[in-house]
Structure formats: C-alpha cells, structure tokens
Amino acid sequence: MTLASLPLFVSLTGRPVILIGEGETADAKRRLLERAGARVVAEAEAAALAIVVDDDGAVARLRARGVLVNAVDRPDLCDFTLPAIVDRAPVIVAIGTGGASAGLAAALRQRLEAVLPARLGRLAEALHAARGAWRARYPEAGERRRAIGAALGSGAALDPLRDHGDAPDAGPVDARVAAGIVALRLRSVDPDDLTLREARLLAHADRVTHRPGVPRAILDRARADAARIECAAPPLDADSGLTVDVEML
C-alpha cells in the first residue's frame, strides 16, 4: 500500500514560517508555531513553509516560489498537513488523516492522551542515556533493536504503557531475541485477527518473505523499512537477523 504522505518531524526553532490569515483559526496556528519555536513572518519574507487561512491567491503565489503550503481546510491545495499532537516530550505522537477528518484525528488524540503515561518522556530520556550500555550488551544492531523491542513489549520490563516514575532504569535487560527464519501460518486475511505474537514478529522482522496470496494489509504490519520478498516457497536459509515467512492456510 502506498503512503499518502510521509510523516516527518521538522525542527522549527528559530526558523521563519509564513502565516497568512486572521481570526480564531489563524491565531490557533500562530500559537502552535510559536510553541514549536518558529519565527512567524509575513508573505513577503523568505521561508520554506507557510500556513494559509482562506486565501487561495496566496497559496498560488507561495507555491510558485517553491514554498510548501498548508491551506487550512483545503486538503486539495496542501503540500503538507498538520497532525493532532500528543505531547510527552521528547515523545511526540502525531495523528494525521491527510486532511480527510480533523475530528477523527482529534478523537484519536483524546484516546491516546488517556492511554499514554504522563511521564512517558522520562522513559525515552532514560533509554537515550542507556544507549552505550545497550550497545555493549548487544553489539549487533539488529539483535539490539529486537532486544529493546522485546523489553518494551506488553508486560515486559520497559512496557511504555506503564508509569515508570521520574527516574526509570532503562538499562539493558536479557531478552529472548528471535532470529533466523520464523514461519507464520495465518488463518485470516484480516490484520486485526493477528495474535500478539504474530504482530510482534512482523514488527521486529528485518525481512518478510511471503506467498503471492498474502494480503498487503498483513504485510503492512511489518516495519516500513523491512524488506518484503514474494516467493513461491519458504526460504531455506536467511542472512543474519529475523526473517518472517508468511503464508495463508
């Protein structure tokens, strides 16, 4: 499945962003930009990004200059959209619908606000501080990534949906790290029917081999950068890392 857009996190601290428009909507966009550290400027100034409220002419002029534009409530004119945000700094969760429904994005944000611990950012900071220790315990990058993934799993030592307090210990733990070839034989074409184990294996896979009949919706549960290889039969061997071979029963 092709991504409708590629989510990016852009540092705006001290950078100019054009804002055109007046009223409550424009004021809300200004507050958001200022919260992100941007320097809000007028149309005539040089900038790479712009937010335009109710001015199609300005959208055309800015795009002609090579400026990327968010035209509020006009997804057909947008080069980028602004997501709903859950802020657990330094963890930021962004929910976008490509401009299809701001209400849906807001509803999802409210659900996630209730689920994600208020001190989730402390866990992120502790993991950052423990990077050297994790590298020493798991020198190979793929093994390290899978070990950290296992430690962050549901009910595991670093489960991110638990409150770990203000000073969590995020140092390396011993984890069962899957490697080699693991076979998944699925009974349903619905990705919502994946078991927790199956979903975890797909999420951690370095590559996914699969038969021609496996639905794209299942394969999309793997990491976006994981190799996907269609083949008529399961592979006989694999490179280092985790290969998940998927077939429908």
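The values are calculated or read from the model by the stated rules, or taken from the named source; none is laboratory data. Small disclaimer: the values here were computed from a predicted structure and weren't measured. All Cβ positions, even for glycine, are placed from backbone atoms using ideal geometry, and neighbour counts span all protein chains on display. These accessible areas exclude ligands, DNA and RNA; they are computed on the full protein's heavy atoms, side chains included. Shrake-Rupley method; radii C 1.70, N 1.55, O 1.52, S 1.80 Å.
Return the residues of region 107-122 that are exposed (fewer than 13 other Cβ atoms within 10 Å of the Cβ) and either touching a residue at least 12 places away in the same chain (Cβ under 8 Å) or touching a strand residue (DSSP E or B) at 6+ places or on another chain (Cβ under 8 Å) (or both); say none if nothing qualifies.
Listed by number, the residues that qualify are Val115, Ala118.
For region 131-143, name all the residues that are modelled with pLDDT of 90 or more and either open to solvent by less than 70 Å² (accessible area, probe 1.4 Å) or not small (Gly, Ala, Ser) (or both).
The answer is Arg131, Gly132, Ala133, Trp134, Arg135, Arg137, Tyr138, Pro139.
Of these, Ile85, Ile92, which one is part of a strand (DSSP E or B), closer than 20 Å to Arg31 by Cβ, within 19 Å of the chain's Cα centre (by Cα) and free of Cβ contacts under 8 Å to residues at least 40 places away in the same chain?
Details: Ile92 fails: free of Cβ contacts under 8 Å to residues at least 40 places away in the same chain.
After ruling out the rest, the residue left standing is Ile85.
For region 164-183, enumerate the residues that are in contact with a Pro (Cβ under 8 Å, 6 or more places away or on another chain) and modelled with pLDDT of 95 or more.
Within region 164-183, His164 is the sole residue that qualifies.
Just to be sure I understand, how many residues within region 205-249 are open to solvent by 50 Å² or more (accessible area, probe 1.4 Å) and touching a helix residue (DSSP H, G or I) at 6+ places or on another chain (Cβ under 9 Å)?
Number satisfying all stated conditions: 5.
Out of all the residues in region 152-165, which are within 8 Å of Leu123 (Cα to Cα) and over 20 Å from the mean Cα position of the chain (by Cα)?
His164
Can you say whether Leu161 is more than 25 Å from Thr195 (Cβ to Cβ) and at pLDDT 95 or above, as far as the supplied structure shows?
no
Matching residues to (1) within 21 Å of the chain's Cα centre (by Cα); (2) within 18 Å of Gly99 (Cβ to Cβ):
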residue: Thr2; (1), (2): yes, yes
residue: Leu8; (1), (2): yes, yes
residue: Leu12; (1), (2): yes, no
residue: Val17; (1), (2): no, no
residue: Gly23; (1), (2): no, no
residue: Gly37; (1), (2): no, no
residue: Ala48; (1), (2): no, no
residue: Ile51; (1), (2): no, yes
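Considering only residues that are open to solvent by 40 Å² or more (accessible area, probe 1.4 Å), in a loop (DSSP other than H, G, I, E, B) and hydrophobic (A, V, I, L, M, F, W, C), look in region 179-198 and name the one that is farthest from His128 (Cα to Cα). Step through it out loud before you land on a result.
Here is the first cut: in region 179-198, the residues open to solvent by 40 Å² or more (accessible area, probe 1.4 Å) are 179, 181, 183, 185, 187, 189-190, 192-193, 195-197.
Next, from what is left, pick out any that are in a loop (DSSP other than H, G, I, E, B): 179, 187, 189-190, 195.
Subsequent filtering for residues that are hydrophobic (A, V, I, L, M, F, W, C) retains 179, 189.
On the way: Ala179: 25, Val189: 38 Å.
The extreme case among them is Val189.
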